[in-house]
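Q: My structure is below; once you've seen it, I'll send some questions.
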Amino acid sequence: MPALTRLRADHAPAVLAFELANRAYFAASISDRGDAFFDRFTDRFNALLAEQDAGICAFHVLVDEDGAVLGRFNLVDMEGGTAQLGYRVARHVAGRGVATATVRELCRLAAARHGLHTLRAATTHANVASQRVLTKAGFVPVGPADPADIGGKPGTWYQRDLVLQP
């Protein structure tokens, strides 16, 4: 059974493999990370771990029994009881409820471990799958997203109050 685990240094090879294997799949619905992301992966990965150690963000990976990364689930810009949620799942598990179940689990962790009371997530209008995940996980649309925040495409901000919703 897959496990949601806080990102650690030893996850680096599996995260890189996940990103490379799913690059084209992700680029079909969100902005491509670009070659520079992969060229400087180790530096970027270490910077994420430093942000996590500083308490600014909390990064998680959904890991299968064999150690393969099935998804990334992140809480970024944690401040004042709020954070932004970001996530991506591997193509071979998409459409099976994995993202929805894991986002729900991360909502519980956000409140219990980090004391967060509100999560926000933005998605493009074209990313219907992500809209479904957010809605099923208890998020509601709260307004338009600045295209600059989501790869230059029009979209919507969603929000979930962690205190009032189970």
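Every number here is computed from the coordinates shown, using simple stated rules; none is lab data. No experiment lies behind these values; they were computed from the predicted model shown. Quick reminder, even Gly has a Cβ in these numbers, built from the backbone with ideal geometry, and neighbours come from all protein chains shown.
Q: Working out 0.36 nm times the residue gap between residue 16 and residue 96, then minus their Cα-Cα distance, what length gain in nm do you get to one decimal?
A: Between residue 16 and residue 96, full extension yields 26.5 nm more.
Q: Could you please tell me the mean projected area of the C-alpha convex hull for the chain, averaged over all directions and given in square nanometres to one decimal?
A: If you wrap the Cα atoms of the chain in a convex hull and average its projections, you get 9.3 nm².
Q: Let me ask another. Kyte-Doolittle mean at least -0.5 and Cα extent at least 20 Å along the axis: which DSSP H helices of the chain qualify?
A: 98-114
Q: Pick out, from 130, 73, 87, the residue whose Cα sits farthest towards the positive end of the charge dipole of segment 3-161, with +1 on the Cβ of Lys and Arg and -1 on the Cβ of Asp and Glu.
A: Toward the positive end, the furthest listed residue is 130.
Q: Any idea how far apart residue 142 and residue 163 come out in nm if each label point goes 7 Å out from Cα toward Cβ?
A: Calculated label separation equals 1.3 nm.
Q: Pull out the extension gain between residue 79 and residue 25, defined as 0.36 nm times the separation in residues minus the alpha carbon to alpha carbon distance; nm, one decimal.
A: 16.3 nm
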